[in-house]
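The values are calculated or read from the model by the stated rules, or taken from the named source; none is laboratory data. Computed from a predicted model, the values in this text were never measured in an experiment. As a convention, Cβ positions derive from the backbone with ideal geometry for all residues, glycine included, and neighbour counts pool all protein chains shown.
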Amino acid sequence: MNLSAYEKIHFGVDYYPEHWPKERWKKDATLMKELGIDVIRIAEFSWSKYEPEEGKYDFSLIDEVIELMSEYEFKIILGTPSAAPPAWLIKKYPDVQPIDYEGKRRHFGGRHHACQSNKHLRDYIDKYVNRFADHFSDNENVFGWQIDNELGNSHGDLCYCDSCQEEFRKWLKNKYGTINELNEKWGTVFWSQGYRDFDEIIAPKITVTGRNPSQILDWKLFCSDLIVDFHKHQSSIIRRYSDKPITHNFMGFANKVNYFDLAEDLEFVSHDQYPGLFHTDFLHVRNSDLAAALDLMRGTKKQPYWIMEQQSGITGWEIMGRSPKPGQLSLWAGQSIAHGADCVVFFRWRNCIYGTEQYWHGILPHSGIPGRNYNELKEFINKFKPLMEKIKGAMPQNKVGIVFSYNQEYALEIQPHHPDFSYTEQVKNYYNAFHSLNIPVDFLSEDSDFENYNLIVAPSQYLMSDKLEDKYCEYVNQGGQLILTMRSGVKDENNICRTSGSLPCGRLTELLGIEILEYDCLRDVLGTVVFENKNYDVDIWADILSLRTAKELATYGFEYYQGEPSITVNEFGRGKAYYIGTNPSKELLIKFIKLIGEDIDLNLNSKLLIDGVEFVSRQDENTEYIFALNHNEKTVSFERLEGWVDYFEEQSSKIKPYQINVYKKSL
Ligand SMILES: [Zn+2]
C-alpha cells in the first residue's frame, strides 16, 4: 500500500481509555492536542471489556472514544486483544493456558497466558476479530490495526502442550517427509534416539541430560513459524474487511520469532524502544545497542518503521529503571527518528494506577497533572513535526551490511561453546565498532541482496548451506568485501557437523584461503593478538589458522599457538574475504575497520569522531538530513562538514547535553 497517504501522522500516544473515568477523556484529548499528537493506539489488552461474556460484544466504549478523539482530528490504531484472553474463556477451556518446559501449566493472572496453537483459543480469536474488524472497518478515523502485542516476547519459552506437540509433528512431517529422513537429519543414531513414527516425537521438554541440538533447532524454528502463523490467522481475517495497514510491535533483538518472516505479513513494522529498560543498569546499555535495534527494525522490511512504544518516563514492573535525565526522552525519540522512524508513538499517555505496569511511567504522572515529561515532549514534538513531514519515507544510503540470522542465533543459543558467548552480542559488538566510527550500517537477512554493499560483515556463520556458501563466494567474486568470523562453516543447516574437509569446509576454505586444523575455547584466559606490531585483547575463542592462499593480518600473542595467524585476508575473484578467528576487543576491531576502510569507500571522517555523539543521516532525492545526537552530559563542539546547513534556527556547531542538532545538505 502507499503509506504516503498518511503523510500527516508523525506522533502518537498509547492510550487506555477504559482505565479512566469518561469525564477525564476530554481533558486528556485537549492535553494530547496541545502536545502535538496525531494518532492514538487503543484496545490491545481489553478483551474482557469488549466481550465481557461469551458472544456478547460491546464496542460502544471504543466508538465513543473514537468519536471524541476525531473531534480533535486524531487517527486511531486499533489493537486486537489476543495477548490477554479473558477469565471466562480460561474457565471454560483451561487447556488454553500454556504448558512450560517442565510440563507445568502456567495460569491466568498475567498476560500471554495462552497456547498459540490451541484450537479453542483460535476459535474465540476468530469470532472476536471478525466482529471487531467488521465493526470498525468503515470508520474513517481508524488509521490501521495492530495484532496482539510483542508476540513471542512476554510469551517466553512456551508452549509445550499436546496441541503444540501435534503441530510440531505436522511441521516436521512437512519438512522431512519420512521418519527415516528425520532420523538422518537429526542424527538420532546417537544415544538411541531413533524414531519409528512421527507420533513418537515429543515437544522437547526438560530432560535428564543435554538434548539433541538438531531437534532443538527445529523446535525453535517451529515456534517462530507458529508465531507467524498466529499473526497471519488474525491479519487474514482483518484483510477480509479492511485494506488499512496492519502492523505489529517488534522488540529489537528479542529472538523468539524471526522478524524478517513476521515483517512479510505487515504493511509496516513497528518497534518498542525502551532505552531505560528496568532490569538493566542505565550505564551498561550502549548507545550503539539502542541504535542497532532501530537499524534491525529498518532492515526487516527495508523501509522506515514506526515506533509504537517509545519510552516516555521511568520504566518498571516490580523493579524500576533510572529516571531519564532532562533532554533524554527527546534525545531517544530523536534517535528513533534519525535511524528511520516515520512516526513515534509514546508509551504511555499516563501512569496506570492498577496492575503490573503501575510503575511503567507515561507522559503524565499518576495525578494526571502535566509535568517535566509532558513539557519536554511537547517542545520536542512541536520542533520536530515539520521535519517529520519532510523526511517521511527517507532512508539512509549505507555501504556496509551486517548479516543477522535467526538460525545462527538459535544454533549458538543451543550450544554457545563458551559460557560468555552470544551470537547476538557478537553482532552488536561488530555494530558497535562501526557505530563508534560513525559508519552507518544496514542489517540484512541471509536472503537479502548483498550487491549494493561495499562490505558485508557476517559474524559466526555457524550453520552453512550450499546455497549460502555459494552466495558469499559469488558476492566476493563479483568484487565485494566480506568479513566472516570464528565458528563459520562448522555445521550444516540441520545443525550437524560438516566433514567435507578441515574447517571452514567446502567452498569457504577456497573463499577464505585458510584451513582451521585446531581451535581453543578460551575458558579461563584473556588472549592477545598482535596486529600492526601492537598487542590487543581477545577472548572467548581462538581459531588457529593455517594459510593456503590467504595472507595473515594478525597473529596470536599467547599460548602454544603464539605466532600463528588469527586474522587473514584472501583475494578471491575481484573481491576480498577476511576472516577473524577470535572475538576481538573493540580497540582491535576499530583498528581493523580503519585498515580495511582505506581499501573500501566507507566515508570515514575523523572530524566526526567524538565520544558519545552519533551522526546519522536519512536522505531523499535532493536532500540529506544529518542528525547529530549528543548522548553526553556535557556540551560538545565539532567541525561541521562541507555543505551542512543548519536545519533549525539558533543552532551552531555546539550541541548541548542530550540535545539533537539537525543539518541538511543538498545532493
Ligand atoms: Zn501449546
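Quick check on region 38-48. Is at least one of its residues in contact with a His (Cβ under 8 Å, 6 or more places away or on another chain), more than 16 Å from the ligand (Cβ to nearest atom) and either acidic (Asp, Glu) or over 23 Å from Thr356 (Cβ atoms) (or both)?
Taking region 38-48 first, the residues in contact with a His (Cβ under 8 Å, 6 or more places away or on another chain) are 38.
Right, trim to more than 16 Å from the ligand (Cβ to nearest atom) and you get 38.
Then keep just the ones that are either acidic (Asp, Glu) or over 23 Å from Thr356 (Cβ atoms) (or both); that gives 38.
Within region 38-48, one or more residues are in contact with a His (Cβ under 8 Å, 6 or more places away or on another chain), more than 16 Å from the ligand (Cβ to nearest atom) and either acidic (Asp, Glu) or over 23 Å from Thr356 (Cβ atoms) (or both).
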* Selection count where residues are within 13 Å of the ligand (Cβ to nearest atom) and modelled with pLDDT of 95 or more, scope region 150-168 -> 10
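State yes or no: is Arg122 within 16 Å of the ligand (Cβ to nearest atom), farther than 24 Å from Ala254 by Cα and in a helix (DSSP H, G or I)? If you could, list the steps in order and put the result at the bottom.
Numbers: within 16 Å of the ligand (Cβ to nearest atom): yes; farther than 24 Å from Ala254 by Cα: yes; in a helix (DSSP H, G or I): yes.
In short, yes.
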* Structure fact -> Going through region 169-209 in order, the residues found to be over 14 Å from Trp219 (Cβ atoms), surrounded by fewer than 16 Cβ atoms within 10 Å (Cβ to Cβ) and hydroxyl-bearing (Ser, Thr, Tyr) are Thr178, Ser192, Tyr195, Thr209
* **Residue in region 529-539 that is in contact with a Gly (Cβ under 6 Å, 6 or more places away or on another chain), over 30 Å from Tyr410 (Cβ atoms) and of a type in the set (S, T, N, Q) present** => yes
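Under the condition of being among the aromatic types (Phe, Trp, Tyr) and within 13 Å of Lys383 (Cβ to Cβ), which residue from region 646-664 is surrounded by the most Cβ atoms within 10 Å (Cβ to Cβ)?
In the first step, residues of region 646-664 are kept if they are among the aromatic types (Phe, Trp, Tyr); the result is 647-648, 658, 663.
Keeping just the survivors that are within 13 Å of Lys383 (Cβ to Cβ) gives 647-648.
On the way: Tyr647: 17, Phe648: 13.
Restricting to residues being among the aromatic types (Phe, Trp, Tyr) and within 13 Å of Lys383 (Cβ to Cβ), the top hit is Tyr647.
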* Asked: Consider Tyr475 against the criteria (1) hydroxyl-bearing (Ser, Thr, Tyr); (2) in contact (Cβ under 8 Å) with a residue 40 or more places away in the chain; (3) closer than 21 Å to Ser566 by Cβ: it satisfies all of them except one. Which criterion is unmet?
  -> (3)
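May I ask you to say which residue of Asp272, Asp295 is part of a helix (DSSP H, G or I), acidic (Asp, Glu) and in contact with a strand residue (DSSP E or B) (Cβ under 6 Å, 6 or more places away or on another chain)?
Matching residue, one of Asp272, Asp295: Asp295.
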* To do: Inspect region 241-258 for any residue being part of a helix (DSSP H, G or I), at pLDDT 95 or above and more than 18 Å from Gln116 (Cβ to Cβ) and give the result as yes or no.
  => yes
* To do: Identify all residues within region 312-328 that are in contact with a Ser or Thr (Cβ under 7 Å, 6 or more places away or on another chain) and crowded, with 18+ Cβ neighbours inside 10 Å; write none if there are none.
  => Ile314, Gly321
* Collect the residues in region 633-657 that are assigned to a loop (DSSP other than H, G, I, E, B) and among the acidic types (Asp, Glu), keeping them in residue-number order. => Glu633, Glu639, Glu642, Glu649, Glu650
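Could you check, for region 593-611, whether at least one of its residues is at pLDDT 95 or above, touching a helix residue (DSSP H, G or I) at 6+ places or on another chain (Cβ under 8 Å) and buried (at least 16 other Cβ atoms within 10 Å of the Cβ)?
Of all residues in region 593-611, those at pLDDT 95 or above come to 593.
Adding the requirement that they be touching a helix residue (DSSP H, G or I) at 6+ places or on another chain (Cβ under 8 Å) leaves 593.
Filter once more, so that each one left must be buried (at least 16 other Cβ atoms within 10 Å of the Cβ): 593.
Yes, the conditions are met somewhere in region 593-611.
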* Asked: Has region 185-202 got any residue that is in contact (Cβ under 8 Å) with a residue 60 or more places away in the chain, among the β-branched types (Val, Ile, Thr), in a loop (DSSP other than H, G, I, E, B) and closer than 24 Å to Lys104 by Cα?
  -> no
* Looking only at region 94-109, decide whether some residue is within 31 Å of the chain's Cα centre (by Cα), under 24 Å from Arg41 (Cα atoms) and either without any contact (Cβ under 8 Å) to a residue 40 or more places away in the chain or more than 15 Å from the ligand (Cβ to nearest atom) (or both). => yes
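Name the single residue, out of those in region 482-507 being polar (S, T, N, Q) and in a loop (DSSP other than H, G, I, E, B), that is modelled with the lowest pLDDT. I'd like the intermediate steps shown before the answer.
As a first pass, look at region 482-507 and keep what is polar (S, T, N, Q): 485, 488, 494-495, 499-500, 502.
Keeping just the survivors that are in a loop (DSSP other than H, G, I, E, B) gives 488, 494-495, 499-500, 502.
Working: Ser488: 98, Asn494: 98, Asn495: 98, Thr499: 96, Ser500: 92, Ser502: 96.
The selected residue is Ser500.
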